[in-house]
1. Any chance the stretch 103-110 includes a residue that's within 22 Å of Ala283 (Cβ to Cβ), buried (at least 16 other Cβ atoms within 10 Å of the Cβ), modelled with pLDDT of 95 or more and in contact with a strand residue (DSSP E or B) (Cβ under 8 Å, 6 or more places away or on another chain)?
2. For the stretch 141-169, name all the residues that are buried (at least 24 other Cβ atoms within 10 Å of the Cβ) and aliphatic (A, V, I, L, M).
3. Would you please name the residue that is farthest from the chain's Cα centre (by Cα), looking only at residues in the stretch 25-49 that are under 19 Å from Ile95 (Cβ atoms) and either of a type in the set (S, T, N, Q) or in a helix (DSSP H, G or I) (or both)?
4. I want to confirm something. Restricting to the stretch 5-22 and keeping residues that are under 16 Å from Arg118 (Cα atoms) and of a type in the set (D, E, K, R), which single residue is modelled with the highest pLDDT?
5. Quick one: count up the residues across the stretch 253-277 that are out of contact with any strand residue (DSSP E or B) (no Cβ under 7 Å at 6 or more places or on another chain) and either among the hydrophobic types (A, V, I, L, M, F, W, C) or farther than 24 Å from Leu89 by Cβ (or both).
6. Out of the residues in the stretch 125-163 meeting the condition of being in contact with a helix residue (DSSP H, G or I) (Cβ under 8 Å, 6 or more places away or on another chain) and among the β-branched types (Val, Ile, Thr), tell me which one is farthest from Gly270 (Cα to Cα).
Amino acid sequence: MPPEAWSDPARPQPLSAWLKRLEALHPTDIDLGLDRVRAVWNRMGASLEQTRIVTVAGTNGKGSTATLTAQLLQAHGHQVGLYTSPHFLHFNERIVLSGDPVSDADLVAALVRVEQARGSISLTYFEFTTLAAFELFSRAEIDFAVLEVGLGGRLDAVNLLPTDCAVVTTIGLDHTDWLGDTVEAIAREKAGIARPGKPLVIGAREARGTLLQVADDLGADPHLFEPPELAADGTWTPQHPHPLAGERLPEPVLPLPSAHLALQILHLLGQSADLATVTSVFARASMPGRLQRLSWQGLDLWLDVAHNPQAASWVAQRLHRHARQWTIILGMLGDKDAPGVVQSLALLDPRWYLIGLEAGSRALTAPSLQERAGLPNAVCCSGVVDALQKASETGRPVLICGSFYTVSAALEFLTTG
């Protein structure tokens, strides 16, 4: 619904109508900067001064780190808000209060309040909905808000709030059109979420010199952590100075580096961590589209949003333990490193089935992906359903990956089709 079709945009409308409208409100999808979103937030009069904030940036692992941090805090008795993006099937997935996605009615009410405050100020879809999330967190009077950065860090709308603990999970070459074309430039943007006198948790091995320099410039308190090693018996131990250092913990469902960072974040926030509670959270915590395992017509399916070489390498190493030969259904956007992703997944000795995506001008068709990725023997398919039907004939487990769009299309079919 175009903006001019709303005679009274502050009047409640169905959530689907609101989201469609927000897509048309701003001339660009991405417009980095905090001036506009700060002005609207100040007009709204909401406050999160009594809420402690954790802000998580990174090329890979930020969603799982944010989710695990929120679940650990909640399991230890705190009221927690979690904000992540993008979503797969329902927008409500992005805003979670104490473990439950917010309702349509509450979301619409928050969007109305943003609309009433913004006046003539133009906001992107992400900025508008981020302010709605902050409004909901303010009204819920939560103890902690865990926020995943949308893009970059320094100029992302999430960085509007002064964090009590900033986190940079990894640094890789992604979103170079907005963040810069070197890991150092990207590191500077991501570390821009740090605050004076507050911890900056650094899990990234890349550009550490740059990250430490930004921390020094901003007066933040940096803490470097190495990804823990998994022992032969499938256990690991947290790094000092965490009080659980020396304890052997089982491998979590979500990525081990994310689990380790989440544990360290709790410690740096001054929160205790009970061993049994931590073990329970790590054993059951999962996320849609992150090594998500499903079954379809007897086929063993794994879904992961991995869309860059770094993420694809982690997925390949993890899945190689389950089987040595895989079928991969791949769909990617045109601004991603398709050859690098394909190279990272080569460990799985894959048979390739390629699909095109419905993602506007950024999408690649299956033949375009075939050419760009250098896969002349790959099978080009008309879509997820066609690819699944063809992949079922290989007798191998199937990985569906390459983009949020790819996984969303698969989940929509597998859960509703």
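The values are calculated or read from the model by the stated rules, or taken from the named source; none is laboratory data. Remember, it's a predicted structure, so these values are computed and weren't measured experimentally. Here Cβ is always computed from backbone atoms with ideal geometry, including for glycine, and neighbour counts include all displayed protein chains.
1. Residues of the stretch 103-110 within 22 Å of Ala283 (Cβ to Cβ): none.
The answer is no; no qualifying residue exists.
2. Passing the criteria: Ala145, Val146, Leu147, Val149, Ala157, Val158, Ala166, Val167, Val168.
3. Met44
4. Top of the filtered list is Arg21.
5. Here is the first cut: in the stretch 253-277, the residues out of contact with any strand residue (DSSP E or B) (no Cβ under 7 Å at 6 or more places or on another chain) are 253-255, 257-260, 262-263, 266-267, 270-277.
Restricting the remaining residues to those that are either among the hydrophobic types (A, V, I, L, M, F, W, C) or farther than 24 Å from Leu89 by Cβ (or both) gives 253-254, 257, 259-260, 262-263, 266-267, 270-277.
Final tally of qualifying residues: 17.
6. Here the answer is Thr129.
To keep it simple, each residue is scored yes or no on (1) of a type outside the set (Gly, Ala, Ser); (2) touching a residue at least 40 places away in the same chain (Cβ under 8 Å); (3) within 13 Å of Pro350 (Cβ to Cβ); (4) out of contact with any Cys (no Cβ under 9 Å at 6 or more places or on another chain).
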residue: Leu299; (1), (2), (3), (4): yes, yes, no, yes
residue: Trp302; (1), (2), (3), (4): yes, yes, yes, no
residue: Pro309; (1), (2), (3), (4): yes, yes, no, yes
residue: Trp314; (1), (2), (3), (4): yes, yes, no, yes
residue: Leu319; (1), (2), (3), (4): yes, yes, yes, yes
residue: Arg324; (1), (2), (3), (4): yes, no, yes, yes
residue: Leu330; (1), (2), (3), (4): yes, yes, yes, no
residue: Gly334; (1), (2), (3), (4): no, no, no, yes
residue: Pro339; (1), (2), (3), (4): yes, no, no, yes
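Residue-by-condition table, conditions (1) surrounded by 16 or more Cβ atoms within 10 Å (Cβ to Cβ); (2) over 23 Å from Gly298 (Cα atoms):
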| residue | (1), (2) |
| --- | --- |
| Leu345 | yes, yes |
| Ser361 | no, yes |
| Gln370 | yes, yes |
| Leu375 | yes, yes |
| Cys381 | yes, no |
| Leu388 | yes, no |
